[in-house]
1. Stretched out fully, how many nm does the piece from residue 99 to residue 241 gain, at 0.36 nm a residue minus the Cα gap?
2. At a Förster distance of 41 Å, what's the computed FRET efficiency of residue 182 paired with residue 232, Cβ-Cβ distance as r, to 0.05?
3. Which value in nm describes the separation of the simple spin-label points at residue 208 and residue 171, placed 7 Å from the Cα toward the beta carbon?
4. Using 7 Å Cα-to-Cβ label points, what is the residue 120/residue 156 separation (nm, one decimal)?
5. Is the stretch 1-44 best put as rounded, prolate or oblate by its Cα gyration tensor, with a ≥ b ≥ c the root eigenvalues, rounded for a/c under 1.5, and otherwise prolate when a/b is larger than b/c, oblate when not?
6. Compute the projected area of the convex hull of the Cα atoms of the stretch 133-211, averaged over all viewing directions, and report it in nm² to one decimal place.
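Every number in this text was worked out from the coordinates using simple rules, so none of it is lab data. What you see is a predicted model; the values in this text were computed from it and never measured. Reconstructed Cβ throughout: ideal geometry from the backbone, glycine too, with neighbour counts over all protein chains shown.
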């Protein structure tokens, strides 16, 4: 009975590991071919549609990275083009209390074809985001005042590619684990157990992040959780490698793998 339970757990764990790997590959494939961000000229043109006659406070602040591996604290994500607005002569600490621009831009968004409008209640002014084509516009506020930011929209096939990768990985993991556990293999059980522990943080954060982004863009592709959590995962994996080595030594000392399991 204990051997059968171990074999079942090994199959479940192996399925989870390859499902996670499949979701990672699928999300990368579904999101790797995103379009470039709007140019500065295009961004100002979009802003003038939403806030006609309103002059931005300054030029754009843009980040052209595309979900790349982090080069710094702010170099990770979908990239953006940001345009700030302030009222001339107004104290910057009071700018965020002026919600008129946000309401005006939101009123202009619908007739100009912006869809999937998502309003986010704020402490002083409500923020909002909307999509048009492959661009997301977000109107937000901070201590420096209101700002209009343009992001890349989540690719249309991102969710399908991620789910397909996860399902294919799960099937492959179940079949492979079932084949490998037909005989008693304590070392295999140890390896897949440590593997599940190693991918569990990324699997949990990635799944939660995708669930929260189902109705809101720009969505974070599942694979982006790995570089984002590298500060946590690298030490964890080093500990797991050490634990695996000690476990292997102990199992070899006890004479693993031991007798074969009865079939059927």
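1. So the chain would gain 45.8 nm between residue 99 and residue 241.
2. 0.70
3. It works out to 3.1 nm between the two label points.
4. The modelled label-to-label distance comes out at 2.6 nm.
5. prolate
6. 7.9
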